[in-house]
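A short write-up of the structure that comes next.
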Amino acid sequence: MAAKTPIPLDELRAQVQGCHQCPLADGRANVVFGEGNPDARVLIVGEAPGKNEDEQGRPFVGAAGKLLDELLAVAGLKREDVFIANVLKCRPPGNRDPRPEEIELCTPYLREQTRTINPDFIVTLGNFSTKFILKTETGITRLHGHVQKAGRFNVFPIFHPAAALYDHKKRADLEDDFAKLGELLGTRPPADVPPAS
């Protein structure tokens, strides 16, 4: 069987913007397709847009987004180096958890984004995207910081940055995991290697 040809991201974005398959489309201000480098080695996957993301049509633009930028720097990365997307492309009302039928209708878009970008690593942020991508019931607390496999993809689960906004103890875990990601990518020297002088 021949491999399916990836859909260019601009074409996929147009499909998502025209999507009205579920009621979330009726309440959205903007579709949050995702953004970043179309040839990224890292695809970061969150759960769903929040209020700020819905207003601006961009992923991770609030306080969690500011922290994500700081964490990317720990890995030796910038936003322009990665592609950031969500499982859902429209905001659930009141930031409630996505419903199974919404996930079923929306995730073909994420699968196509993944196929088109073809990253070396998929970084799942938080329980929701981790459980979805890995098809597991094991939680993020046990999985974070350890490379997993989903088909041919390396998946690297990490706590959601928002978790550190509410629980400051998680910030150290987040920084450690992003440092490890940088080591895996070769964008940051290993912790036990002194920097070149």
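The values are calculated or read from the model by the stated rules, or taken from the named source; none is laboratory data. As the structure is a computational prediction, the values presented were derived from the model and not from experiment. Cβ coordinates were reconstructed from backbone atoms using ideal geometry, including for glycine residues, and neighbour counts include every protein chain displayed. Note: areas computed on protein heavy atoms with side chains; ligands, DNA, RNA excluded. Shrake-Rupley method; radii C 1.70, N 1.55, O 1.52, S 1.80 Å.
General remarks:
- Stretchable slack from ALA29 to GLU175, in nm (0.36 nm times residue separation minus alpha-carbon distance): 49.3 nm
- Filter on LYS4/LYS135; LYS66/LYS169; LYS51/LYS180; LYS89/LYS149; LYS149/LYS169; LYS4/LYS131 - keep pairs with C-alpha separation over 20 Å: LYS4/LYS135; LYS51/LYS180; LYS89/LYS149; LYS149/LYS169; LYS4/LYS131
- Accessible area (Å², per residue) of the chain, counting only protein heavy atoms and a probe of 1.4 Å: 52
- Summing Lys and Arg as +1 and Asp and Glu as -1 over all other residues whose Cβ lies under 13 Å from the Cβ of LYS4 gives a net charge of +1.
- Trypsin sites (Lys or Arg not before Pro) restricted to the range 105-145 and DSSP loop, no more than 13 other C-beta within 10 Å: LYS135
- Within a Gaussian network of the chain (alpha carbon springs, distance under 10 Å), most fluctuating of THR114, THR187, THR136: THR136
- Whole-Å semi-axes of the range 59-197's equivalent ellipsoid (Cα gyration tensor): 25, 17, 15
- Treating each Cα of the range 109-157 as an identical point scatterer and summing with the Debye formula, the log10 of I(q)/I(0) at q = 0.23 Å⁻¹ comes to -0.79.
- Rounded FRET efficiency, nearest 0.05, which uses the C-beta distance separating HIS168 from LYS66 and R0 of 25 Å: 0.95
- Across the accessible surface of the range 118-191, with the other protein chains kept in place and a 1.4 Å probe, carbon and sulfur atoms take up 51 percent.
- The range 1-92 - percent of accessible surface contributed by carbon and sulfur, probe 1.4 Å: 50
- Taking the range 34-66 and a reference point 7 angstrom along Cα→Cβ of THR107, the backbone N atoms nearer than 14 Å belong to 46-48.
- Student exercise, the chain dipole from Lys, Arg, Asp, Glu Cβ charges, in Debye to nearest 20: 280
- Angle between the chain longest axis and helix 170-185 axis [Cα atoms, degrees, rounded to 10]: 80
- Point-to-point label distance, ASP97-LYS135, nm (Cα→Cβ direction, 7 Å offset): 2.0
- Rounded to 0.05, the FRET efficiency of the ASP39 and VAL147 pair, given R0 = 25 Å and the Cβ-Cβ distance, is 0.75.
- Charge tally around GLN148: other residues with Cβ under 12 Å, Lys/Arg +1 each, Asp/Glu -1 each, net +4.
- Area projected by the alpha carbon convex hull of the range 14-86, averaged over all directions, nm²: 5.1
- Top positive-direction residue, dipole computed over the range 21-101 with Cβ charges, set ALA73, GLY34, GLN56: GLN56
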